[in-house]
Amino acid sequence: MPRLRLGTRGSPLALTQAAMVRAALIERHGWGVDDIAVTVVKTTGDRVQDRALAEIGGKALWTKELDRALLDGDIDCAVHSMKDVETIRPVSIALAAMLPRADVRDRIIGAESVAALREGAVVGTSSPRRAAQLQHRRPDLKTVLFRGNVDTRLAKLRAGEADATLLASAGLERLERHDVGTVIPLEEMLPAPSQGAVGIEVRADDAATRSLLAAIDDAPTSACVRAERALLAALGADCQSPVAALAVPDGERLWLRAELYSEDGAERIGGEARGAMGDPDFPARLAADLLDRAVPAIRRLFAGP
């Protein structure tokens with residue numbers, strides 16, 4: 001019998017991330033390969049790929065089946081890309097650990113840069129954040145829905161459904177696609193909150209599993225991602241809200257930057273704040289400042305406190 005059962009989605013990237021968690025646990029605890037079983041759970045988000053997430057239930061489409069398997073005792077923990085995890089989670093589920101964060105930046109595939117795209121180019125993306133950022137910089141650009149795993153999106157691009165697409169550097173690196181696309185500097189495009197982070201959730205009352213996972217938690221990543229998620233909670237953001245955010249260590253403190261956009265990218269508001277690691281209040285102060293300064297076209301996309 002395995003010591004631990006990891007639940008994951010079945011995409012190549014999700015399986016790679018589960019393997020990373022498995023390897024970290026084996027190394028930390030001195031276990032053998034057979035001590036950890038990986039269970040694939042099919043999610044609605046994987047099955048339905050021809051519609052925007054907002055139309056069919058939002059980010060819960062990536063988590064609800066894994067949540068059910070966790071709470072039913074079919075798995076002991078669930079591995080997630082943290083940017084795909086909804087902000088408000090069930091109280092019966094706890095975030096136990098995060099692996100060290102990978103490259104947070106986006107890459108553009110199909111052009112050398114956003115500036116190099118032809119006039120009126122079509123960019124495939126399923127992200128309201130990316131669409132708004134692109135159209136803020138280049139109002140002439142058009143966006144079309146691109147959903148699916150990395151290979152699916154790249155196949156759509158090769159088939160001519162768009163001139164370019166954007167993907168997270170972290171996912172491409174984990175899949176060893178080091179030569180795919182061109183990195184977009186953070187000064188040009190701030191990432192999605194939690195981008196590049198892999199998290200592991202457990203049942204909140206499962207102290208033994210929480211303790212096992214705590215041993216592989218990367219404290220700086222955890223502090224940064226939790227600050228970004230606290231910002232989302234204070235903004236009242238959902239999967240339709242075009243928001244970018246990034247927290248990074250700044251000595252003993254965190255430096256948190258954020259940007260809010262209107263749906264069409266025409267309006268943007270940005271801000272930053274610094275606070276102590278683990279301080280639950282400073283992200284909320286930044287959220288309040290952003291919403292206070294936001295024009296109605298932005299403000300209506302966020303529920304606020």
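The values are calculated or read from the model by the stated rules, or taken from the named source; none is laboratory data. All values reported here derive from a predicted model rather than from experimental measurement. Note that we place each Cβ from the backbone using ideal geometry, even for glycine, and neighbour counts take in every protein chain shown.
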- prompt: When you scan region 78-93, how many residues do you find that are more than 17 Å from the chain's Cα centre (by Cα) and in contact (Cβ under 8 Å) with a residue 60 or more places away in the chain?
  reply: 3
statement: Across (1) over 27 Å from T143 (Cα atoms); (2) buried (at least 23 other Cβ atoms within 10 Å of the Cβ); (3) not basic (K, R), A214 clears everything bar (2)
- request: Answer with yes or no whether I200 is closer than 20 Å to A244 by Cβ, in contact with a Leu (Cβ under 8 Å, 6 or more places away or on another chain), buried (at least 17 other Cβ atoms within 10 Å of the Cβ) and hydrophobic (A, V, I, L, M, F, W, C).
  value: no
- request: Quick one: which residue in S113, S127, S81 is surrounded by fewer than 20 Cβ atoms within 10 Å (Cβ to Cβ) and among the hydroxyl-bearing types (S, T, Y)?
  value: S113
- request: Could you name every one of the strands (runs of 3 or more DSSP E) located completely within region 83-144 that has at least 2 residues being of a type in the set (V, I, T)?
  value: 106-109, 122-124, 142-144
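This table checks each residue for (1) of a type outside the set (A, V, I, L, M); (2) over 18 Å from the mean Cα position of the chain (by Cα).
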position	(1), (2)
K156	yes, yes
A168	no, no
V180	no, yes
L186	no, no
R203	yes, yes
- request: State whether one or more residues within region 161-175 are crowded, with 21+ Cβ neighbours inside 10 Å and β-branched (V, I, T).
  value: yes
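Every residue, every condition in (1) outside the structural domain of R130 (by TED's automatic domain parsing); (2) under 21 Å from E173 (Cβ atoms); (3) without any contact (Cβ under 8 Å) to a residue 60 or more places away in the chain, yes or no:
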site: E201; (1), (2), (3): yes, no, no
site: R210; (1), (2), (3): yes, no, no
site: V225; (1), (2), (3): yes, yes, no
site: A237; (1), (2), (3): yes, no, no
site: S241; (1), (2), (3): yes, no, no
site: A247; (1), (2), (3): yes, yes, yes
site: R253; (1), (2), (3): yes, no, yes
site: L256; (1), (2), (3): yes, no, yes
site: S262; (1), (2), (3): yes, no, no
- request: Take R9 and decide whether it is basic (K, R) and over 20 Å from V85 (Cα atoms).
  value: no
field: Enumeration of residues in region 17-45 that are modelled with pLDDT of 95 or more and of a type in the set (K, R)
entry: R22, R28
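This table checks each residue for (1) buried (at least 19 other Cβ atoms within 10 Å of the Cβ); (2) modelled with pLDDT of 95 or more; (3) within 20 Å of L25 (Cβ to Cβ); (4) touching a helix residue (DSSP H, G or I) at 6+ places or on another chain (Cβ under 6 Å).
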{"site": "I184", "(1), (2), (3), (4)": "yes, yes, no, no"}
{"site": "C224", "(1), (2), (3), (4)": "yes, yes, no, no"}
{"site": "P249", "(1), (2), (3), (4)": "no, yes, no, yes"}
{"site": "G265", "(1), (2), (3), (4)": "yes, yes, no, yes"}
{"site": "R268", "(1), (2), (3), (4)": "no, yes, no, yes"}
task: Any chance you could count how many residues in region 283-305 are under 17 Å from T87 (Cα atoms) and of a type outside the set (A, V, I, L, M)?
output: 4
